[in-house]
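Working notes, beginning with the structure itself.
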Amino acid sequence: MLKHTISELKEALICLEAGQVTLPYPFQPHPPDENFRGKPVLHTRKCMSCGACGNACPARLISIRDEAGIRTLSFELGRCTYCGMCRDACPQEAITLSQQFELSTETPGDLLIRAEFKLVTCRECGHPIGTERQVELVREKLKASDMQLLDMSYLELCINCKRKIFIRTPALMLEVVS
């Protein structure tokens, strides 16, 4: 008991010498460290809505929903732990972490990030195959590579329809591969 009292007295004397030891929070915001991982920011111009961020998120706050030709990507920031795994998983570097950490609000909608992307459907069966951005990125990468497709319209087919076409005409597969 006496030891505890002495340590408290010692701490009080140190604080008297140092002056003010606390920040005037909340009147003056606390400056976060430069390596601080804060609120995720989605850059929709870079995002292709592949879903890698949602698969990597341990809190499962990122959801992807496909409805009526639109893919909706939603972030529920109220559950975010600021781990940064979504940022690390994103192949397009479309997610960055800001310095913002105070996200308290009275309106739950303020903690929701939502982005919509138009889906491309298979020209044969109408099944969604990806977003316009995904298909365009694949097209650009194929044009830049040595691999040339006979017909870029194969990018507009789902995997099942591609399989059916190649089964009907096996010579096409040999031409694409070689």
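Looking only at region 100-145, count how many residues are over 22 Å from the mean Cα position of the chain (by Cα) and either of a type in the set (Gly, Ala, Ser) or within 22 Å of ILE62 (Cβ to Cβ) (or both).
Residues that pass the stated criteria total 5.
Where residues in region 115-130 are modelled with pLDDT of 95 or more and not aliphatic (A, V, I, L, M), which of them is farthest from THR44 (Cα to Cα)?
The residue in question is LYS118.
LYS118 fails exactly one of the following numbered conditions: (1) under 22 Å from ASN55 (Cα atoms); (2) crowded, with 17+ Cβ neighbours inside 10 Å. What is the number of that condition?
Here LYS118 clears every test but (2).
Restricting to region 15-49, and then to whatever is in contact with a Cys (Cβ under 9 Å, 6 or more places away or on another chain) and in contact (Cβ under 8 Å) with a residue 24 or more places away in the chain, can you tell me which residue is surrounded by the fewest Cβ atoms within 10 Å (Cβ to Cβ)?
Applying the filter and picking the extreme gives LYS46.
Can you say whether GLU102 is closer than 21 Å to GLU34 by Cα, modelled with pLDDT under 90 and of a type outside the set (S, T, N, Q), as far as the supplied structure shows? Give the derivation first.
Values: closer than 21 Å to GLU34 by Cα: yes; modelled with pLDDT under 90: yes; of a type outside the set (S, T, N, Q): yes.
Yes.
Condition first: surrounded by 12 or more Cβ atoms within 10 Å (Cβ to Cβ), out of contact with any Ser or Thr (no Cβ under 6 Å at 6 or more places or on another chain) and not aliphatic (A, V, I, L, M). Now tell me which residues in region 50-68 satisfy that. Show your work before the answer.
Narrowing region 50-68 to residues surrounded by 12 or more Cβ atoms within 10 Å (Cβ to Cβ): 50-57, 59, 61-64, 66.
Next, from what is left, pick out any that are out of contact with any Ser or Thr (no Cβ under 6 Å at 6 or more places or on another chain): 50-57, 61-62, 64, 66.
Hits for region 50-68 are CYS50, GLY51, CYS53, GLY54, ASN55, CYS57, ASP66.
Could you grab me the full set of residues in region 46-96 that are assigned to a strand (DSSP E or B), among the charged types (D, E, K, R) and under 30 Å from GLY126 (Cα atoms)?
Of everything in region 46-96, those that are assigned to a strand (DSSP E or B), among the charged types (D, E, K, R) and under 30 Å from GLY126 (Cα atoms) turn out to be ARG65, ASP66, GLU67, ARG71.
Quick grid of which residues meet (1) out of contact with any strand residue (DSSP E or B) (no Cβ under 8 Å at 6 or more places or on another chain); (2) of a type in the set (Asp, Glu):
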site	(1), (2)
LEU42	no, no
LYS46	yes, no
PRO58	yes, no
ARG71	no, no
GLU76	no, yes
ARG79	yes, no
TYR82	no, no
CYS90	yes, no
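The values are calculated or read from the model by the stated rules, or taken from the named source; none is laboratory data. Note that the structure is predicted; figures quoted are calculated from it, not measured. We place every Cβ from the backbone using ideal geometry, glycine too, and count neighbours over all the protein chains shown.
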